[in-house]
Amino acid sequence: MISYKTGAERSYRTLERAVEELERQIAAALKRSPAIIRPMLEHLALSTGKNLRGRALLISAMNDEGMIDTDAIVLAAAIELFHLATLVHDDVIDNADFRRAQESLQRRFGQKQAVLCGDYVLARAVEMVAELNDCRPKEGFSIASYAKLVCLGELRQNANSFNFDLSIYRYLTIIRGKTAMLFEAAFAGGAWILGDEKSFDAYRRLGRYIGMIFQMMDDLIDLEQTAQTAKKPILSDLRSGVITLPVILAMQNSPQLKEELREQARQECFDAEPLRQKILDALGNAKTRAFAQRYYRLAEKELRELHLTEQKERCLRELLQKASGEAYAPIF
(Lines give C-alpha, C1' and ligand atoms only; values in the text may rest on other atoms or scores of the structure.)
Protein backbone atom coordinates (compact mmCIF):
# COMPACT_ATOMS: atom_id res chain seq x y z
CA MET A 1 0.00 0.00 0.00
CA ILE A 2 1.27 3.48 -0.89
CA SER A 3 1.93 5.70 2.11
CA TYR A 4 1.24 9.34 1.26
CA LYS A 5 3.02 12.19 2.95
CA THR A 6 0.93 14.19 5.39
CA GLY A 7 1.28 17.94 5.79
CA ALA A 8 3.38 17.44 8.92
CA GLU A 9 5.77 15.14 7.05
CA ARG A 10 6.39 17.56 4.23
CA SER A 11 9.57 19.58 4.10
CA TYR A 12 9.92 23.10 2.70
CA ARG A 13 12.75 25.33 1.48
CA THR A 14 13.24 28.99 0.67
CA LEU A 15 13.62 29.77 -3.02
CA GLU A 16 17.36 30.30 -2.67
CA ARG A 17 17.84 26.97 -0.88
CA ALA A 18 15.56 25.19 -3.35
CA VAL A 19 17.67 26.42 -6.28
CA GLU A 20 20.85 25.18 -4.59
CA GLU A 21 19.30 21.74 -3.98
CA LEU A 22 18.01 21.63 -7.57
CA GLU A 23 21.53 22.07 -8.88
CA ARG A 24 22.82 19.37 -6.52
CA GLN A 25 20.11 16.92 -7.57
CA ILE A 26 20.85 17.42 -11.27
CA ALA A 27 24.57 16.92 -10.67
CA ALA A 28 23.91 13.80 -8.59
CA ALA A 29 21.61 12.31 -11.22
CA LEU A 30 24.32 12.74 -13.84
CA LYS A 31 27.33 11.66 -11.80
CA ARG A 32 25.88 8.84 -9.68
CA SER A 33 25.22 6.44 -12.52
CA PRO A 34 26.24 2.97 -13.73
CA ALA A 35 29.89 2.74 -14.69
CA ILE A 36 29.13 2.00 -18.35
CA ILE A 37 27.51 5.41 -18.85
CA ARG A 38 29.23 7.50 -16.18
CA PRO A 39 31.94 9.06 -18.42
CA MET A 40 29.26 10.32 -20.82
CA LEU A 41 27.08 11.74 -18.06
CA GLU A 42 30.05 13.39 -16.35
CA HIS A 43 30.88 15.07 -19.66
CA LEU A 44 27.24 16.06 -20.09
CA ALA A 45 27.27 17.68 -16.66
CA LEU A 46 29.81 20.19 -17.97
CA SER A 47 27.26 21.68 -20.38
CA THR A 48 24.21 22.10 -18.16
CA GLY A 49 22.64 25.55 -18.49
CA LYS A 50 20.93 27.97 -16.11
CA ASN A 51 18.10 25.53 -15.31
CA LEU A 52 15.56 28.13 -16.39
CA ARG A 53 12.67 25.66 -16.63
CA GLY A 54 13.49 24.12 -13.28
CA ARG A 55 13.63 27.53 -11.64
CA ALA A 56 10.28 28.42 -13.23
CA LEU A 57 8.80 25.31 -11.62
CA LEU A 58 10.20 26.24 -8.21
CA ILE A 59 8.76 29.75 -8.41
CA SER A 60 5.37 28.41 -9.52
CA ALA A 61 5.36 26.02 -6.55
CA MET A 62 6.05 28.80 -4.04
CA ASN A 63 3.31 29.19 -1.40
CA ASP A 64 2.07 32.41 0.17
CA GLU A 65 4.81 32.22 2.81
CA GLY A 66 7.49 32.11 0.11
CA MET A 67 8.31 28.45 0.84
CA ILE A 68 8.61 25.55 -1.58
CA ASP A 69 7.76 21.88 -1.00
CA THR A 70 10.88 19.75 -1.54
CA ASP A 71 8.88 17.57 -3.96
CA ALA A 72 9.07 20.56 -6.32
CA ILE A 73 12.85 20.26 -6.33
CA VAL A 74 12.63 16.64 -7.49
CA LEU A 75 10.15 17.54 -10.22
CA ALA A 76 12.25 20.53 -11.32
CA ALA A 77 15.30 18.26 -11.62
CA ALA A 78 13.26 15.82 -13.71
CA ILE A 79 12.16 18.63 -16.07
CA GLU A 80 15.77 19.76 -16.48
CA LEU A 81 16.97 16.21 -17.14
CA PHE A 82 14.27 15.79 -19.76
CA HIS A 83 15.35 19.06 -21.39
CA LEU A 84 18.97 17.91 -21.33
CA ALA A 85 18.01 14.65 -23.05
CA THR A 86 16.30 16.59 -25.86
CA LEU A 87 19.44 18.68 -26.35
CA VAL A 88 21.57 15.54 -26.65
CA HIS A 89 19.24 14.20 -29.33
CA ASP A 90 19.14 17.61 -31.08
CA ASP A 91 22.94 17.61 -31.34
CA VAL A 92 22.85 14.17 -32.96
CA ILE A 93 20.19 15.28 -35.46
CA ASP A 94 22.10 18.49 -36.28
CA ASN A 95 25.52 16.80 -36.14
CA ALA A 96 26.54 19.64 -33.82
CA ASP A 97 30.10 19.76 -32.56
CA PHE A 98 29.56 21.97 -29.54
CA ARG A 99 26.90 22.63 -26.92
CA ARG A 100 27.28 25.67 -24.60
CA ALA A 101 30.97 26.03 -25.46
CA GLN A 102 31.62 22.36 -24.61
CA GLU A 103 32.31 19.55 -27.06
CA SER A 104 28.97 17.87 -27.77
CA LEU A 105 28.33 14.36 -26.53
CA GLN A 106 27.90 13.00 -30.05
CA ARG A 107 31.24 14.44 -31.18
CA ARG A 108 33.07 13.17 -28.08
CA PHE A 109 31.56 9.67 -27.86
CA GLY A 110 29.87 9.07 -31.21
CA GLN A 111 26.25 9.34 -32.32
CA LYS A 112 25.11 5.90 -31.19
CA GLN A 113 26.45 6.37 -27.68
CA ALA A 114 24.95 9.87 -27.52
CA VAL A 115 21.47 8.64 -28.50
CA LEU A 116 21.60 5.89 -25.88
CA CYS A 117 22.84 8.34 -23.26
CA GLY A 118 20.01 10.74 -24.10
CA ASP A 119 17.56 7.85 -23.74
CA TYR A 120 19.00 7.01 -20.32
CA VAL A 121 18.68 10.61 -19.09
CA LEU A 122 15.08 10.73 -20.35
CA ALA A 123 14.28 7.46 -18.56
CA ARG A 124 15.76 8.83 -15.33
CA ALA A 125 13.54 11.91 -15.60
CA VAL A 126 10.42 9.78 -16.11
CA GLU A 127 11.44 7.60 -13.14
CA MET A 128 11.73 10.64 -10.86
CA VAL A 129 8.24 11.87 -11.81
CA ALA A 130 6.79 8.37 -11.33
CA GLU A 131 8.20 8.27 -7.79
CA LEU A 132 6.48 11.57 -7.02
CA ASN A 133 3.18 10.35 -8.47
CA ASP A 134 3.38 7.38 -6.09
CA CYS A 135 3.62 9.57 -3.00
CA ARG A 136 1.08 12.30 -3.71
CA PRO A 137 -2.64 11.65 -3.14
CA LYS A 138 -4.00 13.40 -6.23
CA GLU A 139 -3.99 13.14 -9.99
CA GLY A 140 -0.39 12.78 -11.09
CA PHE A 141 1.78 15.02 -13.24
CA SER A 142 2.46 13.36 -16.60
CA ILE A 143 5.82 14.22 -18.09
CA ALA A 144 5.09 11.53 -20.71
CA SER A 145 2.26 13.64 -22.15
CA TYR A 146 4.54 16.64 -22.49
CA ALA A 147 7.31 14.45 -23.92
CA LYS A 148 4.93 13.32 -26.65
CA LEU A 149 4.11 16.93 -27.58
CA VAL A 150 7.79 17.93 -27.62
CA CYS A 151 8.58 15.02 -29.94
CA LEU A 152 5.72 16.00 -32.26
CA GLY A 153 7.07 19.56 -32.37
CA GLU A 154 10.52 18.29 -33.34
CA LEU A 155 9.01 15.99 -35.98
CA ARG A 156 7.04 18.89 -37.46
CA GLN A 157 10.18 21.00 -37.57
CA ASN A 158 12.11 18.22 -39.29
CA ALA A 159 9.28 17.68 -41.79
CA ASN A 160 9.52 21.38 -42.74
CA SER A 161 13.28 21.45 -43.19
CA PHE A 162 14.18 24.07 -45.84
CA ASN A 163 10.48 24.76 -46.39
CA PHE A 164 10.60 28.39 -47.48
CA ASP A 165 6.81 28.37 -47.82
CA LEU A 166 6.38 27.71 -44.09
CA SER A 167 3.44 29.73 -42.75
CA ILE A 168 3.42 31.69 -39.51
CA TYR A 169 0.65 29.42 -38.21
CA ARG A 170 2.70 26.28 -38.85
CA TYR A 171 5.80 27.88 -37.33
CA LEU A 172 3.84 28.68 -34.16
CA THR A 173 2.57 25.10 -34.02
CA ILE A 174 6.14 23.83 -34.26
CA ILE A 175 7.61 26.02 -31.52
CA ARG A 176 4.63 25.49 -29.24
CA GLY A 177 5.58 21.80 -29.24
CA LYS A 178 9.36 21.79 -29.33
CA THR A 179 9.98 24.70 -26.94
CA ALA A 180 6.88 26.08 -25.24
CA MET A 181 5.63 22.71 -23.99
CA LEU A 182 8.57 22.28 -21.61
CA PHE A 183 7.98 25.72 -20.15
CA GLU A 184 4.29 24.89 -19.83
CA ALA A 185 5.25 21.62 -18.13
CA ALA A 186 7.39 23.53 -15.63
CA PHE A 187 4.62 25.94 -14.67
CA ALA A 188 2.00 23.17 -14.61
CA GLY A 189 4.29 21.03 -12.45
CA GLY A 190 4.75 23.86 -9.97
CA ALA A 191 1.00 24.42 -9.74
CA TRP A 192 0.49 20.67 -9.23
CA ILE A 193 2.95 20.57 -6.34
CA LEU A 194 1.34 23.70 -4.88
CA GLY A 195 -2.09 22.10 -5.18
CA ASP A 196 -3.59 25.19 -6.80
CA GLU A 197 -6.21 23.47 -8.93
CA LYS A 198 -8.21 26.67 -9.44
CA SER A 199 -5.28 28.44 -11.13
CA PHE A 200 -3.75 25.38 -12.82
CA ASP A 201 -4.79 26.36 -16.36
CA ALA A 202 -3.58 29.93 -15.84
CA TYR A 203 -0.13 28.65 -14.84
CA ARG A 204 -0.09 26.42 -17.92
CA ARG A 205 -0.93 29.33 -20.22
CA LEU A 206 1.66 31.56 -18.59
CA GLY A 207 4.36 28.94 -19.10
CA ARG A 208 3.31 28.42 -22.72
CA TYR A 209 3.44 32.16 -23.49
CA ILE A 210 6.86 32.54 -21.88
CA GLY A 211 8.11 29.54 -23.88
CA MET A 212 6.87 31.09 -27.14
CA ILE A 213 8.64 34.35 -26.32
CA PHE A 214 11.81 32.49 -25.37
CA GLN A 215 11.94 30.70 -28.74
CA MET A 216 11.30 33.86 -30.75
CA MET A 217 14.09 35.65 -28.91
CA ASP A 218 16.34 32.65 -29.50
CA ASP A 219 15.54 32.94 -33.22
CA LEU A 220 16.90 36.49 -33.10
CA ILE A 221 20.20 35.38 -31.57
CA ASP A 222 20.88 33.50 -34.80
CA LEU A 223 20.79 36.81 -36.67
CA GLU A 224 21.85 39.54 -34.25
CA GLN A 225 24.75 38.18 -32.24
CA THR A 226 28.24 37.33 -33.37
CA ALA A 227 29.46 33.76 -33.55
CA GLN A 228 31.49 34.43 -30.38
CA THR A 229 28.59 35.73 -28.27
CA ALA A 230 26.03 33.24 -29.61
CA LYS A 231 28.58 30.39 -29.31
CA LYS A 232 27.54 29.11 -32.74
CA PRO A 233 27.97 30.29 -36.38
CA ILE A 234 25.56 32.98 -37.54
CA LEU A 235 22.60 31.67 -39.53
CA SER A 236 23.20 28.22 -38.02
CA ASP A 237 19.44 27.60 -37.90
CA LEU A 238 19.08 28.42 -41.57
CA ARG A 239 22.10 26.32 -42.52
CA SER A 240 20.47 23.30 -40.84
CA GLY A 241 17.15 23.92 -42.59
CA VAL A 242 15.26 25.45 -39.66
CA ILE A 243 13.06 28.28 -40.92
CA THR A 244 12.54 30.76 -38.08
CA LEU A 245 10.07 33.59 -37.62
CA PRO A 246 12.47 36.42 -38.63
CA VAL A 247 13.14 34.61 -41.91
CA ILE A 248 9.42 33.98 -42.54
CA LEU A 249 8.53 37.62 -41.89
CA ALA A 250 11.45 38.92 -43.98
CA MET A 251 10.42 36.70 -46.92
CA GLN A 252 6.89 38.09 -46.69
CA ASN A 253 8.34 41.58 -47.13
CA SER A 254 10.81 40.56 -49.84
CA PRO A 255 9.86 37.85 -52.38
CA GLN A 256 13.29 38.36 -53.94
CA LEU A 257 14.94 37.32 -50.67
CA LYS A 258 12.80 34.19 -50.62
CA GLU A 259 14.03 33.15 -54.05
CA GLU A 260 17.62 33.93 -53.09
CA LEU A 261 17.35 31.74 -49.98
CA ARG A 262 15.79 28.94 -51.99
CA GLU A 263 18.58 29.06 -54.58
CA GLN A 264 21.37 29.11 -52.00
CA ALA A 265 19.75 26.15 -50.24
CA ARG A 266 19.77 24.24 -53.51
CA GLN A 267 23.47 25.00 -53.88
CA GLU A 268 24.06 24.09 -50.20
CA CYS A 269 26.04 27.29 -49.77
CA PHE A 270 24.67 30.21 -47.74
CA ASP A 271 26.39 33.58 -48.04
CA ALA A 272 25.81 34.25 -44.37
CA GLU A 273 26.67 37.91 -43.75
CA PRO A 274 24.90 39.39 -46.83
CA LEU A 275 21.84 37.22 -46.12
CA ARG A 276 21.77 38.29 -42.50
CA GLN A 277 21.77 41.95 -43.54
CA LYS A 278 18.99 41.40 -46.06
CA ILE A 279 16.82 39.74 -43.42
CA LEU A 280 17.41 42.72 -41.13
CA ASP A 281 16.67 45.17 -43.97
CA ALA A 282 13.42 43.33 -44.69
CA LEU A 283 12.39 43.95 -41.05
CA GLY A 284 12.45 40.26 -40.14
CA ASN A 285 13.86 41.00 -36.68
CA ALA A 286 11.77 44.07 -35.94
CA LYS A 287 8.56 42.27 -36.87
CA THR A 288 9.57 39.26 -34.76
CA ARG A 289 9.93 41.51 -31.71
CA ALA A 290 6.49 42.96 -32.38
CA PHE A 291 5.10 39.42 -32.65
CA ALA A 292 6.72 38.40 -29.36
CA GLN A 293 5.26 41.50 -27.73
CA ARG A 294 1.76 40.06 -28.27
CA TYR A 295 2.69 37.02 -26.19
CA TYR A 296 4.30 39.31 -23.61
CA ARG A 297 0.98 41.11 -23.15
CA LEU A 298 -0.85 37.78 -22.84
CA ALA A 299 1.65 36.65 -20.19
CA GLU A 300 1.24 39.90 -18.26
CA LYS A 301 -2.53 39.43 -18.30
CA GLU A 302 -2.19 35.96 -16.79
CA LEU A 303 0.15 37.31 -14.11
CA ARG A 304 -2.33 39.99 -13.10
CA GLU A 305 -5.21 37.53 -12.90
CA LEU A 306 -3.31 35.00 -10.77
CA HIS A 307 -3.37 37.41 -7.78
CA LEU A 308 0.03 36.32 -6.48
CA THR A 309 2.01 37.49 -3.50
CA GLU A 310 4.37 40.39 -4.18
CA GLN A 311 7.45 38.15 -3.98
CA LYS A 312 6.08 35.50 -6.31
CA GLU A 313 4.79 37.98 -8.87
CA ARG A 314 8.15 39.77 -8.87
CA CYS A 315 10.03 36.51 -9.48
CA LEU A 316 7.71 35.48 -12.31
CA ARG A 317 7.89 38.93 -13.91
CA GLU A 318 11.68 38.77 -13.85
CA LEU A 319 11.46 35.35 -15.50
CA LEU A 320 9.19 36.82 -18.18
CA GLN A 321 11.62 39.68 -18.74
CA LYS A 322 14.53 37.27 -19.01
CA ALA A 323 12.70 35.23 -21.65
CA SER A 324 11.98 38.39 -23.61
CA GLY A 325 15.61 39.47 -23.61
CA GLU A 326 14.93 42.75 -21.82
CA ALA A 327 17.08 44.37 -19.16
CA TYR A 328 16.21 42.69 -15.89
CA ALA A 329 17.37 42.29 -12.33
CA PRO A 330 18.79 38.89 -11.31
CA ILE A 331 16.01 36.35 -10.74
CA PHE A 332 17.44 35.18 -7.43
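Surrounded by 20 or more Cβ atoms within 10 Å (Cβ to Cβ), among the polar types (S, T, N, Q) and within 16 Å of the chain's Cα centre (by Cα) - does that describe any residue in segment 211-223? Yes, there is a match, as at least one residue in segment 211-223 is surrounded by 20 or more Cβ atoms within 10 Å (Cβ to Cβ), among the polar types (S, T, N, Q) and within 16 Å of the chain's Cα centre (by Cα). Among residues of segment 30-62 being touching a Lys or Arg at 6+ places or on another chain (Cβ under 9 Å) and over 21 Å from residue 87 (Cβ atoms), the one that is surrounded by the fewest Cβ atoms within 10 Å (Cβ to Cβ) is 62. Residues in segment 140-164 that are of a type in the set (Val, Ile, Thr) and closer than 25 Å to residue 236 by Cβ: 150 only. Listed by first and then second residue, the pairs with beta-carbon distance under 6 Å, at least 6 apart or on different chains, first residue in segment 116-130 and more than 11 Å from residue 88 (Cα to Cα), second among the hydroxyl-bearing types (Ser, Thr, Tyr), form an empty list.
Here the condition is being hydrophobic (A, V, I, L, M, F, W, C) and either in contact with a strand residue (DSSP E or B) (Cβ under 6 Å, 6 or more places away or on another chain) or modelled with pLDDT under 95 (or both); of 286, 299, it holds for 286 alone. The C-beta contact set for segment 237-264 (first residue closer than 21 Å to residue 225 by Cβ and of a type in the set (Ser, Thr, Tyr), second residue open to solvent by less than 30 Å² (accessible area, probe 1.4 Å) and not in a helix (DSSP H, G or I), distance under 9 angstrom, 6+ apart or interchain) comprises 240/96. Closer than 25 Å to residue 320 by Cβ, touching a residue at least 60 places away in the same chain (Cβ under 8 Å) and surrounded by fewer than 21 Cβ atoms within 10 Å (Cβ to Cβ): is that true of residue 69 in this structure? Spelling it out, it is not the case that residue 69 is closer than 25 Å to residue 320 by Cβ, touching a residue at least 60 places away in the same chain (Cβ under 8 Å) and surrounded by fewer than 21 Cβ atoms within 10 Å (Cβ to Cβ). Where helices (runs of 4 or more DSSP H) fall wholly inside segment 233-332, the ranges with 1 or more residues that are within 30 Å of residue 64 (Cα to Cα) are 284-306, 310-324. Pick out the one residue from 316, 275, 298 that is touching a residue at least 40 places away in the same chain (Cβ under 8 Å) and touching an Asp or Glu at 6+ places or on another chain (Cβ under 8 Å). Matching residue, one of 316, 275, 298: 275.
The values are calculated or read from the model by the stated rules, or taken from the named source; none is laboratory data. In this text the structure is predicted, and so the values were computed from the model without any measurement. So basically every Cβ, Gly included, is an ideal-geometry build from the backbone, and we count neighbours across all protein chains shown. Side chains included, ligands, DNA and RNA excluded: accessible areas come from the protein's heavy atoms. Shrake-Rupley method; radii C 1.70, N 1.55, O 1.52, S 1.80 Å.
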